[in-house]
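Just so you know, all these numbers are worked out from the coordinates, no wet-lab data involved. As the structure is a computational prediction, the values presented were derived from the model and not from experiment. A quick note on method: Cβ atoms are made from the backbone with ideal geometry, for glycine too, and the neighbour counts reach across all protein chains shown.
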Amino acid sequence: MLKILSHPAFAKLFAAQIVALAGTGLLTIALGLLAFELAGPAAGAVLGTAYAIKMVAYVGLAPVLAAAVSKFPRRAVLIGADLVRFGVALCLPFVETVAQIYVLIFVIQSASAVFTPTFQAVIPDILKDEEDYTRALSLSRLAYDLENLLSPALAGILLLVMSYHGLFVGTAAGFLISTLLILSTRLPKRPMSKERPFRERLTRGSWIYLATPRLRGLLAFNMTASACVAYVLVNTVVLVRDGYGMGETGLAIAMGAFGTGSMITALVLPRLLSQLSDRMLIGNSAVLLAGLTVGHGLVMQTMGTLSWPLLLGVWLLTGMLYSAILTPSGRLLRRSANEEDRTAVFTAQFALSHACWLLAYPLAGWSATAGSQAVSLLVLGAVGLASAVLGYALWTPSPKEVAHDHPDLPADHPHLKAHGHGTHAHAFVIDDEHQVWPTQG
């Protein structure tokens, strides 16, 4: 897998991703400490609102901002977004009110809503070979999981020699180094595209996404992943403290088991995808994840909490299945759009997948508060199972090259000259010449 780092452009972008992730990890911890200083016991409510603002920025602003910057060079877009995040991070140590936190979080997450899909869409343009791209996806997944495991440790070490305000400087440094790495990287030029009105640029990614059967199925499977893993992210702290009577160490161990499971899948994913289709791997993982969540809820409802080692095993398996659903998604997005539309489709995935989290997070909290931990598992598992069944129904298998014709195109159209008149077959994506998937008529 590490051989992919021999590609100079990808190696620099991957390094930029790592330092930016490290900065984001420090930001998360510093933000919690800042919220406690400003709001005391109400810090949880402040953080909850801040994370809700983050999701609203991701879901609502990502398509708008992507459409607004679609004509700018991608390197300029990435550098501009990183500089905005750098500037906000430098402002955070001087925050004096909760309202200022909300404003700055909205700005920094809006910049991330531009940066992340643009960054993700650049990688397949750099790595043309699908096997190389699959390795890059696995490496990226490892980076996310390692950040979740190592950032708290790094923050703990830094807090021994500085106040938490210094962590914001670390965050700013991460974004600045990311900027410098991207500045030194030669990126492929943005593909030539026809002039389109803003409204069409705004909706084009979602149109292509929702008109493609495998991407509609992917969205349903994303809902499965969000529903089941929302329980882990929202309620593990309550389960560990109340159910097992453990403190922060127990929480760290439980979340470490989840992250370890995700990393295991990332390591073996390239080999798995050489033997299984994307639909089989993602779909089967979604069904197993939902079934595991429902089974955990049934056991808790009838027999009480699992033994501690068994819970760690369940969290390990949950992390493995979660990664198996999410990590291959980039392959499907790459396969489902022309180069011109790739950033728009990655942006649609970014916004729609976060909409799943926007539904799953409150459901995880409310179901546990109004009912119980077992009820929360059962509710979220049921949502996940229904979504997995829907995903299989929406993602109908199709050949690599889809047979179709174009009765609406003139005989001298360039597409017909390239592929032949009448019924012909080629790798099919939704675009100006292919506005409906052939199986839909």
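When Cα extents along the principal axes in Å is calculated directly from the model, which label among (1) 71, 47, 43; (2) 91, 61, 52; (3) 72, 51, 40 fits?
(3)
Charges on Cβ only, +1 for Lys and Arg, -1 for Asp and Glu, centred on the Cα centroid of the chain; of Ala227, Leu310, Ala348, which one is farthest towards the dipole's positive end?
Ala348
Given the options Thr293, Thr118, Thr203, state which has the largest fluctuation in a GNM of the chain using a 10 Å cut-off (strictly under) for Cα springs.
The residue that fluctuates most here is Thr203.
Karplus couplings for the range 85-97 from phi (6.51 cos²θ - 1.76 cosθ + 1.60, θ = phi - 60°), rounded to Hz, Gly and Pro as x?
So the J values, rounded to whole Hz, are 5, 4, x, 5, 4, 5, 7, 4, x, 9, 5, 10, 9.
Mean separation of Cα pairs under 8 Å and 6+ residues apart, divided by the residue count of the chain: what relative contact order is that in percent?
About 24 percent, as a whole number.
Once each part is reduced to its C-alpha centroid, what is the distance from the range 345-402 to the range 16-63 in angstrom?
Each part's Cα centre sits 23 Å from the other's.
About the Cα centre of the range 137-232, what is the dipole size in debye to 20, counting +1 per Lys and Arg Cβ and -1 per Asp and Glu Cβ, all else neutral?
Dipole of the range 137-232, to the nearest 20 debye: 720 debye.
With the cut-off at 26 Å, tell me which of the pairs Lys128/Lys400; Lys12/Lys189; Lys128/Lys189; Lys54/Lys194; Lys54/Lys189; Lys12/Lys128 have Cα atoms farther apart than that.
Going by Cα-Cα distance, Lys54/Lys194; Lys54/Lys189 fall outside the 26 Å limit.
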